[in-house]
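The values are calculated or read from the model by the stated rules, or taken from the named source; none is laboratory data. Every value quoted in this text rests on a predicted model; they were computed, and no experiment measured them. Don't worry about glycine lacking a Cβ; one is built from the backbone with ideal geometry, like all the others, and counts go over all protein chains shown. To get the accessible areas, we keep the full protein, side chains included, count just its heavy atoms, and leave off ligands, DNA and RNA. Shrake-Rupley method; radii C 1.70, N 1.55, O 1.52, S 1.80 Å.
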Amino acid sequence: MQQILQQAQKMQQQLATAQQELADAEVAGTSGGGLVTAVVSGNGELKSLEIDPKAVDPDDVETLSDLVVAAVRDANRAAQELAAQKMGPLASGMGGLDDMGDLGKLFG
């Protein structure tokens, strides 16, 4: 039982480290061939948005809106991929914990 608890604590520390790395990481997404670039943190928080002046047409605001949405979606997709890379090994290492009764609750 002590060994299981030690493994659980180690996995919990690894999970916390991975979560912090995600919060600190930044990934970019683009649209319109680079006309709009969105940067999000690894956990999906929008950090910045750059719009090339060539993308700004006062008579066509709808296209600019579409480009912004597409860039943010692309950045969020990249953040989800990063999260899967960071968290995937930890999640698979915790397989079966849901079936451990109250012990499994230590991790969630």
**Fill in**
Within the stretch 1-11, residues open to solvent by 80 Å² or more (accessible area, probe 1.4 Å) and either part of a helix (DSSP H, G or I) or among the polar types (S, T, N, Q) (or both) come out as Gln2, Gln3, Gln6, Gln7, Gln9, Lys10
**Residue list for the stretch 12-60, filter: within 23 Å of the chain's Cα centre (by Cα), in a helix (DSSP H, G or I) and crowded, with 17+ Cβ neighbours inside 10 Å** = Leu15, Ala18, Leu22, Gly32
